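Notes to accompany the following structure.
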Amino acid sequence: MNYAYYEGKWTSLPNFDTLTPVRTGTVNNFDLSPTHRADNFGFRYTGCIELPSNGVYTFYTKSDDGSKLYMDGVQVVNNDGSHSVQERSGTVSLS
């Protein structure tokens, strides 16, 4: 996974396209270890997944404050906003 790490204080996810990342790199999985602080940061991950077969898949995000998951530019999971840790899911048909 490629990542871009940002620092800032937001009440909802910012438009990362308008921000300059503090750090970029790659990780094997979604990983928060490149952070420099305990709060007020964000990550944008990009990458590809390998599917065993065509089908309907359910994806989850679990976050303390906002997270969203997009696939090919389509929002699959919306877990945005200021909140304690919560999990949200979304289902998408993939081939």
- Query: Of Met1, Met71, which has the most accessible area and how do the rest follow, probe 1.4 Å?
  - Reply: Met1, Met71
- Query: Which entry in (1) 31; (2) 40; (3) 21 matches percent of Cα pairs over 24 Å apart derived from the coordinates of this structure?
  - Reply: (3)
- Task: Write down the accessible area per residue of the chain in Å², having rolled a 1.4 Å probe over the full set of protein chains.
- Result: 71
- Query: How do 6-15, 73-82, 24-33 rank on mean C-beta neighbours within 10 Å, highest first?
  - Reply: 73-82, 6-15, 24-33
- What ³J(HN,Hα) values, in whole Hz, does the Karplus curve 6.51 cos²θ - 1.76 cosθ + 1.60 give for region 33-42 when θ = phi - 60°, with x put for Gly and Pro? 5, x, 5, 10, 8, 7, 9, 6, 9, x
- Could you give the size of the charge dipole of the chain about its Cα centre, using +1 on the Cβ of each K and R and -1 on the Cβ of each D and E, expressed in debye and rounded to the nearest 20? 80
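Using 0.36 nm per residue, how much length does the chain from Val85 to Asp39 gain when fully extended, once their Cα-Cα distance is taken away?
15.2 nm
The values are calculated or read from the model by the stated rules, or taken from the named source; none is laboratory data. Nothing here was measured: the structure is a model prediction, and the numbers come from that model. Virtual Cβ from ideal backbone geometry, glycine too; neighbours counted across all protein chains shown. In case anyone asks, the SASA skips ligands and DNA or RNA and just uses the protein heavy atoms, side chains included. Shrake-Rupley method; radii C 1.70, N 1.55, O 1.52, S 1.80 Å.
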